[in-house]
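Asker: Pasting in a structure now, in structure tokens, and then I'll have a few things to ask.
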Amino acid sequence: CTNLVSVTLPQGLISIGESAFKNCRNLKDITLPEGLTFIGAQAFRNCSSLLFMNLPDGLTTIRRYAFSDCANLLEITLPQKLTSIEYSAFFRCSRLARITLPEGLTSIGEFAFHSCTNFTDVILPTTVETIGKFAFYSCSLTSITLPATMTTIGRAVFENCTGLTDITLPEGLT
């Protein structure tokens, strides 16, 4: 799909399959229907021209590698019903600087934001319970507060975050 630049998906579509738009490097604009409830793994992987994405409210999980290697992705709007961000979902989205994680999110998977080198600011919702290993590896975070609901944090979550000067940890963290 090297010549694909813009896509408008029809209302009534509820699912996008695994790797559906993978490697569509010239895709700049995609409009997702409101009723969409599922985006498969790697669906938008390596869509390096994609700048913005607005995910519909019915989506509860961002699957593994869904947006990895979208190197020019600047902004993504996450749905309010989102509960899980899976393994490497935003891996190497190097221009992504900020993302608003919605209340209700409970799990941030391994490598989720790994090598998002412009990622400077994250506010974790009070509902987050687990963060997988290497989730924020090589991000440009300067500070972060982990919520009281946090029970598990994986190894090397903040490794190579050279600007990180302040972490607030909750009691009961394992």
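The values are calculated or read from the model by the stated rules, or taken from the named source; none is laboratory data. What you see is a predicted model, and the numbers here were worked out from it, not measured in a lab. When we count neighbours, we look across all protein chains shown, and the Cβ atoms used for this are built from the backbone with ideal geometry, even at glycine. Note: areas computed on protein heavy atoms with side chains; ligands, DNA, RNA excluded. Shrake-Rupley method; radii C 1.70, N 1.55, O 1.52, S 1.80 Å.
Asker: If the reach is capped at under 20 angstrom between alpha carbons, list the aspartates and glutamates near Lys81, excluding any in the same chain fewer than eight residues apart.
Answerer: Of all the aspartates and glutamates, those that pass the test against Lys81 - Cα under 20 Å, at least 8 places apart if same chain - are Glu34, Asp57, Glu103, Glu129.
Asker: Something else about it: Between Thr142 and Asp29, what length in nm is gained on full extension when 0.36 nm per residue of separation is reduced by their alpha carbon distance?
Answerer: Going from the current span to full extension adds 37.5 nm.
Asker: Counting Lys +1, Arg +1, Asp -1, Glu -1, what net charge surrounds Val157 among other residues with beta carbon under 12 Å of its beta carbon?
Answerer: Around Val157, the charge tally is 0.
Asker: A follow-up question, please. Kindly provide the pair-distance distribution of region 9-104 built from C-alpha pairs, with 10 Å bins from 0 and whole-percent values in order of increasing distance.
Answerer: Histogram of Cα-Cα distances, whole percents per bin: 18, 56, 25, 1.
Asker: Further question on the same structure: With +1 on each Lys and Arg Cβ and -1 on each Asp and Glu Cβ, and nothing else charged, work out how big the dipole of region 108-174 is about its Cα centre, in Debye to the nearest 20.
Answerer: Dipole of region 108-174, to the nearest 20 debye: 120 debye.
Asker: What is the gain in length, in nm to one decimal, between Thr149 and Ile14 on full extension, counting 0.36 nm per residue of separation less the C-alpha to C-alpha distance?
Answerer: Additional length available on full extension: 45.4 nm.
Asker: Now, a different point. Once amide H atoms are placed 1.01 Å from N in the peptide plane, what residues at a sequence separation of 5 or more from Thr77, or on another chain, have their amide H within under 5 Å of its amide H?
Answerer: Met53, Asn54, Leu55
Asker: Sticking with this one: By the scheme Lys and Arg +1, Asp and Glu -1, what is the net charge of all other residues having a beta-carbon under 10 Å from that of Gln42?
Answerer: +2
Asker: When the Karplus curve 6.51 cos²θ - 1.76 cosθ + 1.60 is applied with θ = phi - 60°, which whole-Hz ³J(HN,Hα) does each residue of region 125-136 get, with x for Gly and Pro?
Answerer: Calculated HN-Hα couplings, in order: x, 5, 8, 5, 10, 9, 10, x, 4, 6, 4, 10 Hz.
Asker: At 0.36 nm per residue, and after removing the present C-alpha to C-alpha distance, how many nm does the segment from Leu51 to Thr100 gain when stretched out fully?
Answerer: Fully extending the segment from Leu51 to Thr100 adds 16.0 nm.
Asker: Relative contact order for region 98-174: what is it in percent, counting Cα pairs under 8 Å that are at least 6 residues apart?
Answerer: After rounding, I find 29 percent.
Asker: Quick one: pull the percent of accessible area on the chain belonging to carbon and sulfur, 1.4 Å probe, ligands and nucleic acids left out.
Answerer: Carbon and sulfur: 50 percent of the exposed surface of the chain.
Asker: Among Ala66, Thr2, Leu141, which residue has its Cα positioned farthest towards the positive end of the charge dipole of the chain, with +1 placed on the Cβ of Lys and Arg, -1 on the Cβ of Asp and Glu, and the dipole taken about the Cα centre?
Answerer: Final value for the positive-end residue is Thr2.
Asker: Follow-up. Compare the peptides 80-89, 3-12 by average per-residue count of other Cβ atoms within 10 angstrom and give them in order, highest first.
Answerer: The packing order, highest mean first, is 80-89, 3-12.
Asker: What list of ³J(HN,Hα) couplings, whole Hz, do you get for region 148-157 from phi and the Karplus terms 6.51, -1.76, 1.60, once you set θ to phi - 60° and write x for glycine and proline?
Answerer: 4, 6, 5, 10, 9, 10, x, 6, 6, 4
Asker: So what is the accessible area of the chain per residue, in Å², with the probe set to 1.4 Å?
Answerer: 46
Asker: Can you give me the distance in nm between label points at Lys81 and Thr37, each placed 7 Å from the Cα along the Cα-to-Cβ direction?
Answerer: Placing both labels 7 Å along Cα→Cβ, they lie 0.7 nm apart.
Asker: Further, regarding this structure: Can you work out the Karplus-derived ³J(HN,Hα) for every residue in region 51-68? Use 6.51 cos²θ - 1.76 cosθ + 1.60 with θ = phi - 60°, whole Hz, and x for glycine or proline.
Answerer: Whole-Hz 3J(HN,Hα) from phi for region 51-68: 9, 9, 8, 10, 8, x, 5, x, 7, 10, 9, 9, 6, 4, 6, 3, 10, 5.
Asker: For region 43-171, report the convex hull volume of the alpha-carbon atoms normalised per residue, in Å³, without decimals.
Answerer: Hull volume normalised by residue count: 77 Å³.
Asker: Sequence neighbours fewer than 8 away in the same chain don't count; with that in mind, list the aspartates and glutamates whose C-alpha is under 18 Å from Lys28.
Answerer: Once the sequence-local aspartates and glutamates are set aside, what remains near Lys28 is Asp69, Glu75.
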